[in-house]
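To start, the structure under review is shown below, and the notes come after it.
The values are calculated or read from the model by the stated rules, or taken from the named source; none is laboratory data. Everything numeric in this text was worked out from a predicted model, so none of it was measured. When we count neighbours, we look across all protein chains shown, and the Cβ atoms used for this are built from the backbone with ideal geometry, even at glycine.
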Amino acid sequence: MRPTDTEHDIAVIGGGPAGYVAALRAAQLGAQTLLIERERVGGTCLNVGCVPTKTLLFNAKVYRYLGRLGELGLNADSFSYDFGLIQKRKEHVVNKFVRGVEYLLKKRGVEVIHGEATMDVKRRLTVRSHHGEMSLSAHKILIATGSSPARLSLPGAEHTIDSSGALSLEQPPRHLLIVGGGAIGVEFAVIFSSFGSEVTIVELMESIIPGEDREITMVLSRALKKQGITIHTSSKVARIDSQNGRLRSLIHSPSGEKEILADKVLLSVGRVPNTESCEELSLAQKGGFIDVNEKMETSSPGVYAAGDVCGKWLLAYTASKEGEVAVSNALGIADRMDYTAVPRLIYSHPEVGAVGLTEEEAQKEHDIVVGRFPMIGNARAYAELESEGLVKVIADKKDERILGITVLGPYATELVLSATIFLAQRMNLKQAQSVIYGHPVFSECIREAILDAQGKPLHK
């Protein structure tokens, strides 16, 4: 690779949801744009994260429905799955959308270079690949290098797999132990439990999905346990030993020590930022993540950062918005990030969609009212065998401003969009309940919960 004399308007390091979206937006704004990616465009989300897991979750959902055909008056002599074909379909979906991103980048005129990028103190870029080394420069630089799965320092950690390893398993393990009961851990628990694996979750905190509404996580825990998933909270794995081809884990729990024998152990304990590309710059950090302001500016003039590497939300869709804001400011168009209404999505069974404050958070700063409506009271949810869950609305008691909404139930990750709009527009209960919903639809539960918060429920 030869040095180039071309100086781009903006260089984006990392082609994940923050990076490739930022590159597309920069090109759309007329900038000569360079995107540097060490692997395939799409980042963790598209290649080994959001998209492949949701593909497997859909397969799991259909397989669960097949097991309940009798409740619908339907009959099938037998049904089974071919996990190899399921994995092939997952790869097909991933590859289709990787090619789609590649097409969009080419269409917009974004120059894409594959290699490992580093930046020196003078903001000069060096890209290394199996073809050699190339020196590059740009007026503005956006760091969008993402994150990687965190590793635990515990005896036997070398025997574990991470989320990428779980996605590439050839068959569901007989017994899967998941260390970490956050969103990723719970989603994998649902996937493999649906295909017959015996699944155990070990979570250090008092509840799964730490940080979410406690009432909601309690209901979700009950639902997962009904599916056969074992959950140990306030517990930790102390050691993992390999024994005759299986893995024996020592667990410290409130009830004492116990041993769990599993075929695979999945570590799902958070993520760490990929900051290797900018280590020489000595950018200001918070907790190891690059510190940025609302314009996504770093402590180095002309250098911006977006996505997981900043550690704000570690969500693909938030990363994309941060990328858009970063390039707008880099190219002279004033913009800023507003995290007022960021939806939190968990593709469990039932799903969780939340936005704004939980009840516990709201109580610390507000005198609140709480509205609830159970999914079992919704005709469509009951008809479709999806009656587990509820909608919960939190509002300020004085001015009725909506502070937070959580949906636990079918399609919660879609239903939370209307709640997100309510918070983004800073609406109160009266304004939100004036919306007319269709019938029968799942989203009626949101209006019913709003009415309940006002003390005038109709169907409760």
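Observations
- Within segment 405-430, considering residues that are touching a residue at least 60 places away in the same chain (Cβ under 8 Å) and assigned to a strand (DSSP E or B), the one nearest to A383 (Cα to Cα): L408
- Test: Y81 is in a helix (DSSP H, G or I) and of a type in the set (F, W, Y): no
- Strands (runs of 3 or more DSSP E) wholly inside segment 153-236 containing at least 3 residues that are crowded, with 21+ Cβ neighbours inside 10 Å and more than 18 Å from the chain's Cα centre (by Cα): 198-202
- Qualifying residue in segment 374-397 (condition: part of a strand (DSSP E or B), crowded, with 24+ Cβ neighbours inside 10 Å and over 25 Å from the mean Cα position of the chain (by Cα)): yes
- Condition check for L142: surrounded by 16 or more Cβ atoms within 10 Å (Cβ to Cβ), touching a strand residue (DSSP E or B) at 6+ places or on another chain (Cβ under 9 Å) and in a strand (DSSP E or B): yes
- Residue under evaluation F79, criteria (1) under 27 Å from the mean Cα position of the chain (by Cα); (2) of a type in the set (F, W, Y); (3) at pLDDT below 95, criterion not met: (1)
- Verdict on Q227 being free of Cβ contacts under 8 Å to residues at least 40 places away in the same chain and not assigned by TED's automatic domain parsing to the domain that holds W313: no
- Verdict on R108 being touching a residue at least 40 places away in the same chain (Cβ under 8 Å), among the basic types (K, R) and either surrounded by 15 or more Cβ atoms within 10 Å (Cβ to Cβ) or farther than 30 Å from I141 by Cα (or both): no
- Beta carbons closer than 8 Å, at least 6 apart along the sequence or on distinct chains, never pair a first residue in segment 353-370 that is not assigned by TED's automatic domain parsing to the domain that holds C445 with a second that is surrounded by fewer than 17 Cβ atoms within 10 Å (Cβ to Cβ) and not aromatic (F, W, Y).
- Scanning segment 434-451 for residues that are of a type outside the set (G, A, S), closer than 19 Å to K398 by Cα and buried (at least 22 other Cβ atoms within 10 Å of the Cβ) turns up just one, I450.
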